[in-house]
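The values are calculated or read from the model by the stated rules, or taken from the named source; none is laboratory data. On a predicted model such as this, the values are computed, not experimentally measured, just so you know. Please note: Cβ atoms are built from the backbone with ideal geometry, for glycine as well, and neighbour counts cover all protein chains shown. Accessible surface areas use protein heavy atoms only, side chains included; no ligands, DNA or RNA. Shrake-Rupley method; radii C 1.70, N 1.55, O 1.52, S 1.80 Å.
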Amino acid sequence: QVQLVESGGGLVQPGGSLRLSCAASGFFFSNYGMRWYRQAPGKERELIASISSTGISTNYAESVKGRFTISRDNVKNTVYLQMNSLKPEDTAVYYCNSNYDNRYWGQGTLVTVSS
């Protein structure tokens, strides 16, 4: 059974940083690309970052490019999202998702950027 467990969210001031983690289980993690999405209140879920199975290739939405970094540890079966220079518009629930089966979602982790 696929499980994705996000963590690391919280309240941070504008300009601050957070690192999110997503622990995956139930599939052969190192064989599949992973993605981070976010959903702000009243908005649709949007794809913000993706990483290949090896970690060599990454892609970012324009809204986070240069501020966020996706990475993965194929020993720990975990994907990370380092978020720097956070803005109030980054406030959202953040989710990870896998290329193995994109029907499975975790519970998400809430990031609130506010002074």
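Quick notes on this structure:
- Alpha-carbon centroids, segment 50-115 and segment 6-34: separation in whole Å: 6
- Taking the chain and dividing mean pair separation by its residue count, relative contact order in percent (alpha carbons under 8 Å, at least six apart): 37
- Dipole check for the chain: with +1 at the C-beta of Lys and Arg, -1 at the C-beta of Asp and Glu, and the Cα centre as origin, the magnitude is about 100 Debye.
- By accessible area with a 1.4 Å probe, ligands and nucleic acids excluded, highest first: order of 20, 110: 110, 20
- Rounded to 0.05, the FRET efficiency of the residue 103 and residue 45 pair, given R0 = 22 Å and the Cβ-Cβ distance, is 0.95.
- The solvent-accessible area of residue 87, taken with every protein chain present and a 1.4 Å probe, is close to 80 Å².
- Among beta bridges from DSSP that stay inside the chain, the antiparallel ones total about 90%.
- Counting Lys and Arg as +1 and Asp and Glu as -1 over every other residue whose Cβ lies under 15 Å from the Cβ of residue 106, the net charge comes to +2.
- Span per principal axis, largest first, for the Cα atoms of segment 12-115 (Å): 41, 26, 22
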